[in-house]
Every structure is written in structure tokens, then in C-alpha cells.
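Encoded as C-alpha cells, the structure appears first; notes follow it.
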């Protein structure tokens, strides 16, 4: 398909989305949809504008973004460092890795009540929850990447006389990068989910708390506004990470 | 042998934990010793409410999975076989896909109230997108090779789907189901923790907020075991149903 | 690097040896892959190794590389016991895709060897460019391996090996995966590079004509367990030429001999 065709389809697809939203508006106006649940795009938009005007939406968004970024960065650092250690050490692969593998299917959000008990309804608890939940995919993909270095690369390293640290930074880490990027992406998705869970449970500000409080007040437009912002966050963070990935893995072109 | 080595560290940690608890004579609202947790777990496993909660979580997650998987797989097959549908819906799907499923809990709560329906809806929403993506790519990759065969044989569209496409994508459809099952359990528990007062997630939250760490850790270990068992069972099922697939994938 | 005599033909008097293998045996578990093998490589000569599959050609190369140690016997490099890989011995692997780093471009891949040797950043650039020129990769400095043909990737691997400034260049069927035209071209370039740098070359191949065309000496291994069966001298004049050399009576005679040798092991 040519670029021209693809752009045409994209525009058509965009038009469909606009059409769907418009249809939603018509249905809402005609009171076909219960207005208490589906307030219509106009009311959602008004809630968004109101939120932006009084600054509360922006500050909640920033709070959520800050927590998400901090938790994700923490998980990435620990996950990649620990994963590199376990992946490069045959000893750790035998004695430690099975425990990580067994913990992988544990629903990360199940740790929320535990974290709440230890840390209370605090910012730290939300960060811990995100870091813990997003840690696993990064840890496991990094272990996978580091333990699957081709034997030839090891031989090249020994015949060149590379030091252990040079081997890790110049051969193992870049070689594991495709796996690590996959883990970072998965971790980001989990971080977004967990920041919302954490904020809903603790009600300490942020978009999660915002939509929860809106639900308690039966304020549907406010909920939709919050969901829309969360959707945009998900879309943008994913897109940015995709760009980074495309650049970092540009050597993988074929 | 290697499997046994993997057990050494967790068991060692449990022993250290137990000894530390006994040595300090720990009295805590937040921590529990392994023996206390074990007692709580045994008590739970021999009492009806514990199994009611387990059943609630599995039933809601299972129904959500069934719904989400059907919708996702159906849409995925349609998208792959009729590319214009996929192209025209691309923007809408890409916009909805990264939306954290938990964010729609409040709106689902307004519509359905507390209970099964809420959880089923969220689980279905969360599972249907990954299944859609996996199914679409699975069908895409099989179709070109076999569609010519189908055309040469003069098969109808229906026969093409049932005789050619489905058998060819079945193994990868199962992989999608396996991953979706994991997501379903996670989302079900998450919904229960965040809002819905049923199931194991809510049990966990109750134990935590009423300062019963033994019960809390017992439930946590039980959830971890369920997640592990589900994953293990699906993997075994996969290698039994599609031996060739499992060998290449794992 | 000291100057060595011209490696015009193996008829010359014995020169100083670089690598010596004495009565070495190698085992993988219960199977003996090499048994009591003795061999010496003279400075500046081009030695080719042929043999049926299972005769331990690659194992011998790995032994010389220091990637494995013999269970009995010894390997000496420049008169010292050789137990671990040395920067002075470079290896060109057959599977260039795995031996190159796909995330580094051509310059970066050559640079790896210089970084390992601790060459200061400022000096690397010129050296890299000189090496890429030597192997005919000018204009491809910024290309990643995935953007290169097989022949170019193998050239790049050779450039990286030359960056080690090795005394010995070990090559494990380096042209085995390339098409006939590229292969001939690379054979000639390799001969030029070896003659110029006066490196000692050890070349494993399953292509008998390639062994004759490149080698000063050909070592024929026999299998079960792997050991030296025969050594052939190659008294063909240098520089060699793809057309005239291959038509010389001596070439054809050797070709016949090697063919007879290898045929004994093919059922």
C-alpha cells in the first residue's frame, strides 16, 4: 500500500471516530442513552474545560504522571540491575531465578493491601505498589536477554580480551536491549494501571482519586473527563516509548 | 535437581522469617510469622466463606474472560479477513487499547452497581484488546499461504474459515487465551481491591484494614498460588494440545 | 612485530615457529575429538586444514585459539604455554552474523577491538579508517551489519581481527556461507592482506580447491579420533591468480591427491 493510500485510510478511520463521537452526542441529546451514565461528549468536554480552568485537573494529572514516572523509573533501575546480575551469573540463574519465575503470575495489585498496611494511605505506598508491580516484567525480560547471549559473542569477547565490565556494557547490555525494551513497555502499561489502583485505594490526589470521587458524587461527566485524560496519558507515553525503541533498536531493521 | 535448588531460597527465607519472628517475640498488627500464616491458610481452606470468595473471583474472571476472548477473537478474525474493517477502525481501536482498564471501573460502577456484572465487564474490556491484536496477527500470517489453496478448492467463505483459517490459527489462539487468562485473574483481583466488595481481592483488603496480617498473608499466598497454578495448567494444556507449538515457543 | 622471511613457498628451510601443538588430545565427555595431535605453525606461513566431517577441524582451531585446553599434551604460543585466548591471536568465525555486534555500525565493530586493547579514543578513528580501507569497506563506515551483504559482513569481521594486530589469524570456514563470486574475490583480498601484514594464517575449509589456492601447506585430518593424516606442501608461485594458478599442473595434481584422500572417508 502506498503512503497516499495509507493516509487516506487514516483519515477515513479518524472520520469514523469523529462520527462515532458525534453519534454518541446525538444519542445523548435524544436521551436514548441514560444521561446519568453516558453524559455525552459536550458535557464531558465542559467538565474537562472546567477542570483545566480551575487548575485541579492539571494538578491531578501532574500528580499521577509524577507517581507513574517515579515508580516506573524505580522499577526499571532495580529490574534491569537485578536482571543483569541474575542473567550473567550462572549461580544466580540456578538458585534465584526460579523464585522470580514463580512470582511472575502473582497479580501485582494484590500487593496493594499489604503495602497499605505497612505504609498507610501515603504517596510512598503508591510508589511502592507501582515499583513492585512494574518490576517483574523488567526483571524477567532482562534476565532472559542477558542469559541468551550467543556463545559466539562470548568467544569474541574472550579473544579480544574484554574485561568483565566491558563485556557487560559493550556486549551483554546492548544485546539484551530488545528484551529490555519489551519489559519497559510492559512495565509502563502496568505502572499506569497501578497508579490508578493506588490512587483509588488511598484517595491521595491524582486522576485515580479524582474519578473515584466523581463516581461517589454520581458526576459522570467528571469521570469521563478523567478517563479521557488517562487514555491520552496511555497513548502518549506509549508513543514516546515506541519512538525511543525505534531509535535504540534502529540496527534491527530487518 | 535444578527444580529443588530453586526451592532452597524461598524455603530459606521462610525459615529466617520464622526464626526472626520467634526470637523477637513479635507482636504486630502488620507482620505475621509463617506458622501463623499457615494456620490461617488451613483455617481458610477448611471454611466455606474462603471458598465462596475464591469461587466469586474465578467465576467473575472466567465469565469476563469468556466474553472478552469471544469478542476479541471474533473481531480479530474479522479484521484479518476483511482488511478495510481493520483499517477504518484503526484509530478508534488504537485510542481505546492503551486505556487502563481499571479507569473505567467508576463508570461501570454507575451502570452496573457492585457485583458480578461490574467485574465481568471490566475483565472483558481488559482481555478483549490483547486477544484482538494477537488473533489478527495470527490470522494474517496464516492466511496468504492457504487462501490460494482454498480458492483453488473452490471453498465457500464459511468453509474457508472453519476448514482452513481456524485449524491453522488454533495454536496461536490458545496462546492468546493463555495470556488473556493471566490478565483476567489480575484484573478481577484488581477490581475487587479497588471497588467491588466480592471475591479474594476484597477479602485481602478486609484482612488488611481490620489488621489481621495472618489472614492477609494467607490470602496473598493463596492468590499467588492460584496465579501460578493457572499459568502452569494453561502451559501444560498447551503442550498437550499443541506439542509442536510449545516446543518452538518456550 | 618483527620482520619475517618471505612466505613464498613451503620449500624454504624451517623458520621460527609461532604456535606448536605437541601430542595434544581433546575430549568432549567420553568421545575423543583429537588424539595425540602434533603440529607447528611457522611465522608468516599460510596453513590450510581440510578433513572429512568429524575430524576435529574446528576443535583444532579452538585449541589453537586457547578457547579450550587439551586433556593431555601441550600448546605453546611463542614458546610459552598457551592456556587462555590472547589478543595476539585473532579468530574469524564462519557465522559473521553472530560474531559481529548488530547494534554497532562498521566503525563501531572495528572499534571494539581497539577499545579492548585500550587504544585512546583520539587514535582510534584513523586506525579504523585505515582498516576499513584495507578490507574494501570505504563508504560503508556508518552501515549496520543488517544493512550489509554477507561478503561485506565477513570483510568487516576480518577488519576487526586485523585491528587486534595479531601474530596469528585463525579462520574457521570464513567463506563457507558466501556465494562463489564473492568467495573468489575475498580469497584474493585475504592473500593480499596476509602477505602485507605478514601474519601467520590458519584456515579451516571444506573446499579442497580453496585450500590449495590459499595455502603454503595443507594439513589433512582424519576422523575418529581426529589426528593429522598427511601434510601437503603447495609449491605454487605467488601471487596467485584465479585463472592461471587453477590451471597449473601442480594445482591439478594436488587437487587429485586431496580428492583421493577425502574420498576414502565418504561412503
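Descriptive notes on the structure:
- Spherically averaged projected area of chain C from its Cα convex hull (nm²): 14.7 nm²
- Ordering B:15-25, C:170-180, B:102-112 by mean Cβ neighbour count within 10 Å, with the highest value first, yields B:102-112, C:170-180, B:15-25.
- Overall form of segment B:33-249 per C-alpha gyration tensor (a/c, 1.5; a/b vs b/c): prolate
- The protein assembly as shown: antiparallel DSSP beta bridges as a percent of all, rounded to 5: 55 percent
- Candidates C:70, C:223, C:249, ranked by Gaussian network fluctuation over chain C, Cα under 10 Å, top entry: C:249
- Global geometry of segment C:49-163, whether rounded, prolate or oblate, following the gyration tensor of its Cα atoms and the 1.5 cut on a/c: oblate
- Over all directions, the projected convex hull of the C-alpha atoms in segment C:95-207 averages 6.7 nm² in area.
- Computed from the Kirkwood radius of its Cα pairs, the Stokes-Einstein diffusion coefficient for segment A:105-205 at 37 °C and 0.692 mPa s stands at 213 µm²/s.
- For B:188-197, mean number of other protein chain Cβ atoms within 10 Å: 5
- Pair-distance distribution of segment C:127-267: all C-alpha pairs, bin width 10 Å, starting at 0; shares per bin in whole percent are 10, 38, 34, 15, 3.
- Computing Rg and the Kirkwood Rh from the Cα coordinates of segment C:190-267 gives a ratio, Rg/Rh, of 0.98.
- Neighbour-count ranking [beta-carbon atoms within 10 angstrom, fewest first] of C:133, C:255, A:185: C:133, C:255, A:185
- Cα-derived Rg to Rh of segment A:43-253, Kirkwood definition: 1.08
- Using C-alpha pairs below 8 Å separated by at least 6 residues, the relative contact order for chain C is 27 percent.
- In the protein assembly as shown, one over the average inverse separation of all distinct C-alpha pairs is 30.9 Å, which is the Kirkwood hydrodynamic radius.
- Shielding of peptide A:27-37 by partners, expressed as the average count of other chain Cβ atoms within 10 Å per residue Cβ, is 1.
- 10 Å Cβ neighbours from other chains, averaged over peptide A:228-235: 5
- Over segment A:63-164, Cα pairs under 8 Å with separation of 6+ residues give a relative contact order of 46 percent.
- Residue A:12 paired with residue C:233, simple spin-label distance in nm, labels 7 Å along Cα-to-beta-carbon: 7.9 nm
- Full extension of the chain between residue C:71 and residue C:263 yields a length gain of 66.1 nm, computed as 0.36 nm times the residue separation minus the alpha carbon distance.
- In percent, rounded to a whole number, the relative contact order of segment A:43-253 is 29, using alpha-carbon pairs under 8 Å and six or more apart.
- Whole-Å semi-axes of segment B:139-226's equivalent ellipsoid (Cα gyration tensor): 48, 11, 8
- Applying D = kT/(6 pi eta Rh) to segment B:123-168, where Rh is the Kirkwood radius over alpha-carbon pairs, T corresponds to 10 °C and eta to 1.306 mPa s, the Stokes-Einstein value obtained is 137 µm²/s.
- Each of B:56, C:260 was scored by other Cβ atoms within 10 Å of its Cβ. Arranged with the fewest first, they read C:260, B:56.
- Taking label points 7 Å from Cα along the Cα-to-Cβ direction, residue C:141 and residue B:19 give a separation of 6.2 nm.
- Pairwise Cα distances in segment B:36-92 exceed 16 Å for 64 percent of all pairs.
- GNM top mover of A:42, A:29, A:60 - chain A, alpha-carbon springs below 10 Å: A:29
- Mean shadow area of segment A:13-123 over all directions, Cα convex hull, nm²: 12.4 nm²
- Residue of C:118, C:44, C:151 that the Gaussian network model of chain C assigns the largest fluctuation, springs spanning Cα pairs under 10 Å: C:118
- Ranked C:35, A:170, A:49, criterion: other C-beta atoms within 10 Å, fewest first: A:49, C:35, A:170
- With one equal scatterer per alpha carbon and no solvent term, the Debye-computed log10 I(q)/I(0) for segment B:1-139 at 0.09, 0.13, 0.17, 0.20 1/Å reads -0.54, -0.83, -0.96, -1.08.
- Taken over the C-alpha atoms, segment B:89-197 has Rg and Dmax values of 17.9, 57 angstrom.
Throughout, read-outs are computed from the coordinates displayed, never taken from laboratory work. For clarity, every value in this text was computed on a predicted model and none was experimentally measured. Because the Cβ atoms are built from the backbone with ideal geometry, glycine has one as well, and the counts that use them run over all protein chains shown.
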